[in-house]
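Undergrad: I'd like to ask some things about the structure below.
The values are calculated or read from the model by the stated rules, or taken from the named source; none is laboratory data. What you are looking at is a predicted structure, and each value in this text was computed from that prediction instead of being measured. Quick reminder, even Gly has a Cβ in these numbers, built from the backbone with ideal geometry, and neighbours come from all protein chains shown. Quick note on the areas: whole protein, heavy atoms, side chains included, nothing else; ligands and nucleic acids left out. Shrake-Rupley method; radii C 1.70, N 1.55, O 1.52, S 1.80 Å.
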Amino acid sequence: MNACACDQPGLRPVDEAIADLLAQVPTPPAAEWVALEQAQGRTLAEPVHALRPMPAWDNSAMDGYALRAADLQGAPGYLPLAGRIAAGDAAQEELPPGHAVRIFTGAPLPPGADSVVPQELVRLEGEGVWLPACTSGDHVRRRGEEFERGTCVLPAGICLRAPQLGLLASLGIAEVAVHRRLRVGLLSSGNELREPGAPLYPGQIYDANRYSLRAALRGWGLEVDDCGVLEDELSASRDALSLAASEWDVLISSGGVSVGEEDHLKQAVRELGELHLWRLAIQPGKPFAFGRVCGTPWIGLPGNPVAALLTALVVARPFLLAAQGRSNVLPRALPLPAGFAWPKANARRQYLRARIEHQDGELRVVPHAQQGSAMLSAMSWAEGLAVVEAGRTLGAGELVEFLALDTLLA
């Protein structure tokens, strides 16, 4: 893609714009208690501390035989069996000196035992077992080795996913404090837009943005209200924005923020509040805007489908996650060799739709052949975004930052 005449001074660098938005994040929604099975994808509002050590007692890491390592005196030997302990047994009786006990994974060690020998290393003989030499602590999960009572196991601001929910359940926690879902009012702008399934007449297109953006917002754990399509008319835009601002925590619109005569959203925002930011040094997605409508934060995304989704993923996402109470909202890019050349520097940072492929025996980032801001087929094909900085040229094999879409959509 080449630089165009619109690449003029005054465009806000992407990182600067993200920092500006993060500096204006509102107070997160209040906390509410929900059952663990309803907490998936929610943002933890309070830190969680362990109510007991983990593990709560010394237990076996293997199916095998528990013993005192000293009873073998550092050499293989035979020990008579003194019983059997399965997971769920209490194991309160002390292991008699000079004996072993059959034990299973997760079962508590009996008092006196200090090691476990895996079953595949032993040989049963009559009423006892022949064991190899072992060391105290072998194959034993010690009480508190994962964490002690009172340890902060989950900080506030983390998104609760499968690992975190499993950890909470392992602690016996049935309810958890999470932030109420951030409520987002989603609008599209454009008289040409029609709903999928409706007939199209000359000059009309289907509204893709509300569907892709709504999916992204819900994937971030937000509550989304579809406010429909705005007419390309100033008073209609002003009325719709004013009403939505009274009902939702954040407003997001797509289209209507460029420089065309029918783009009225910026003016409507100015009349109802204030416009803080407009136009980024990004391609695609330059006509990104941010402001407030009657005190409610408003994010104005470009109208082209790829530009709308890409700026939502890259620029709006950190703000929205932080407004939900999330911490660590900036994604991490992975440096990988480029499987392409970028011989001509661009005045704006490029986000190329790309995927990772094998080239010359290594993984390389390969962009789609079509990079138009309206081409959702390339976005659907992509596994991520290759980031080429403004003013930079790139040779094949040089490192380029790769942002995985799975990361941006989570």
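Undergrad: Just one of the numbered conditions (1) in contact (Cβ under 8 Å) with a residue 12 or more places away in the chain; (2) open to solvent by 60 Å² or more (accessible area, probe 1.4 Å) is not true of residue 73; which one?
TA: With (1) in contact (Cβ under 8 Å) with a residue 12 or more places away in the chain; (2) open to solvent by 60 Å² or more (accessible area, probe 1.4 Å) applied to residue 73, the lone miss is (1).
Undergrad: Can residue 364 be described as among the basic types (Lys, Arg) and more than 24 Å from residue 212 (Cα to Cα)?
TA: yes
Undergrad: Follow-up question, since we're still on this one. Given the residues 45, 87, 56, which is the only one that is of a type in the set (Gly, Ala, Ser) and open to solvent by 50 Å² or more (accessible area, probe 1.4 Å)?
TA: The match here is 87.
Undergrad: Taking the range 382-410 only, how many residues are within 19 Å of the chain's Cα centre (by Cα) and in contact (Cβ under 8 Å) with a residue 60 or more places away in the chain?
TA: Matching residues across the range 382-410 total 10.
Undergrad: Which one is least open to solvent (accessible area, probe 1.4 Å) among residues in the range 204-248 that are acidic (Asp, Glu) and touching a strand residue (DSSP E or B) at 6+ places or on another chain (Cβ under 9 Å)?
TA: At the first step, the residues of the range 204-248 found to be acidic (Asp, Glu) are 207, 223, 225-226, 231-233, 239, 247.
Then drop every residue that is not touching a strand residue (DSSP E or B) at 6+ places or on another chain (Cβ under 9 Å), which leaves 207, 223, 225-226, 231-232, 247.
Details: 207: 4, 223: 78, 225: 51, 226: 52, 231: 111, 232: 31, 247: 100 Å².
It comes out as 207.
Undergrad: Please verify whether the range 335-352 includes one or more residues that are free of Cβ contacts under 8 Å to residues at least 60 places away in the same chain, in contact with a helix residue (DSSP H, G or I) (Cβ under 9 Å, 6 or more places away or on another chain) and open to solvent by 50 Å² or more (accessible area, probe 1.4 Å).
TA: No, the range 335-352 contains no residue that is free of Cβ contacts under 8 Å to residues at least 60 places away in the same chain, in contact with a helix residue (DSSP H, G or I) (Cβ under 9 Å, 6 or more places away or on another chain) and open to solvent by 50 Å² or more (accessible area, probe 1.4 Å).
Undergrad: In this structure, is residue 33 touching a residue at least 40 places away in the same chain (Cβ under 8 Å), assigned to a loop (DSSP other than H, G, I, E, B) and open to solvent by 10 Å² or more (accessible area, probe 1.4 Å)? Steps first, answer last, please.
TA: Numbers: touching a residue at least 40 places away in the same chain (Cβ under 8 Å): yes; assigned to a loop (DSSP other than H, G, I, E, B): no; open to solvent by 10 Å² or more (accessible area, probe 1.4 Å): yes.
No.
Undergrad: Something else: Given the condition on the phi > 0 side of the Ramachandran plot and either over 23 Å from the mean Cα position of the chain (by Cα) or assigned by the TED database to the domain that holds residue 42 (or both), answer yes or no: does some residue in the range 224-236 qualify?
TA: yes
Undergrad: Of all the residues that make up the range 334-379, how many are assigned to a loop (DSSP other than H, G, I, E, B) and hydroxyl-bearing (Ser, Thr, Tyr)? It would help to see each step written out before you state the result.
TA: Step one: list which residues in the range 334-379 are assigned to a loop (DSSP other than H, G, I, E, B), which gives 339-341, 343-348, 360-361, 368-375.
Now restrict to residues that are hydroxyl-bearing (Ser, Thr, Tyr): 373.
Residues flagged as assigned to a loop (DSSP other than H, G, I, E, B) and hydroxyl-bearing (Ser, Thr, Tyr) within the range 334-379 amount to 1.
Undergrad: Here are the criteria: (1) open to solvent by 10 Å² or more (accessible area, probe 1.4 Å); (2) in the same structural domain as residue 320 (by the TED database). Tell me which single one residue 190 does not satisfy.
TA: (1)
Undergrad: Restricting attention to the range 90-102, and to residues there that are farther than 13 Å from residue 129 by Cα and of a type in the set (Gly, Ala, Ser), which single residue is least open to solvent (accessible area, probe 1.4 Å)?
TA: 91
Undergrad: Follow-up question, since we're still on this one. Which residues, counting only those in the range 121-146, are at negative phi, open to solvent by less than 90 Å² (accessible area, probe 1.4 Å) and under 33 Å from the mean Cα position of the chain (by Cα)?
TA: Answer for the range 121-146, where residues must be at negative phi, open to solvent by less than 90 Å² (accessible area, probe 1.4 Å) and under 33 Å from the mean Cα position of the chain (by Cα): 141, 142.
Undergrad: Identify the residue in the range 112-123 that is touching a Phe, Trp or Tyr at 6+ places or on another chain (Cβ under 8 Å) and part of a strand (DSSP E or B) and, among all such residues, is farthest from residue 96 (Cα to Cα).
TA: 123
Undergrad: Can you tell me which of (1) touching a strand residue (DSSP E or B) at 6+ places or on another chain (Cβ under 8 Å); (2) within 19 Å of residue 220 (Cβ to Cβ) is the one residue 329 doesn't meet?
TA: Of everything listed in (1) touching a strand residue (DSSP E or B) at 6+ places or on another chain (Cβ under 8 Å); (2) within 19 Å of residue 220 (Cβ to Cβ), residue 329 misses just condition (1).
Undergrad: Okay, moving on. Please go through the range 249-259 and give me each residue that is open to solvent by less than 30 Å² (accessible area, probe 1.4 Å) and either within 18 Å of residue 193 (Cβ to Cβ) or of a type outside the set (A, V, I, L, M, F, W, C) (or both), ordered by number.
TA: 251, 252, 253, 254, 255, 256, 257 - these are the residues of the range 249-259 that are open to solvent by less than 30 Å² (accessible area, probe 1.4 Å) and either within 18 Å of residue 193 (Cβ to Cβ) or of a type outside the set (A, V, I, L, M, F, W, C) (or both).
Undergrad: What are the residue pairs meeting all of these: first residue in the range 353-381, first residue open to solvent by 70 Å² or more (accessible area, probe 1.4 Å), second residue part of a strand (DSSP E or B), Cβ atoms under 6 Å, and 6 or more apart or on different chains?
TA: Filtered contacts from the range 353-381: 363/356.
Undergrad: Another question, if that's okay. Evaluate the range 31-50: report whether one residue or more is modelled with pLDDT of 95 or more and either more than 23 Å from the chain's Cα centre (by Cα) or closer than 25 Å to residue 138 by Cβ (or both).
TA: Among the residues of the range 31-50, at least one is modelled with pLDDT of 95 or more and either more than 23 Å from the chain's Cα centre (by Cα) or closer than 25 Å to residue 138 by Cβ (or both), which makes the answer yes.
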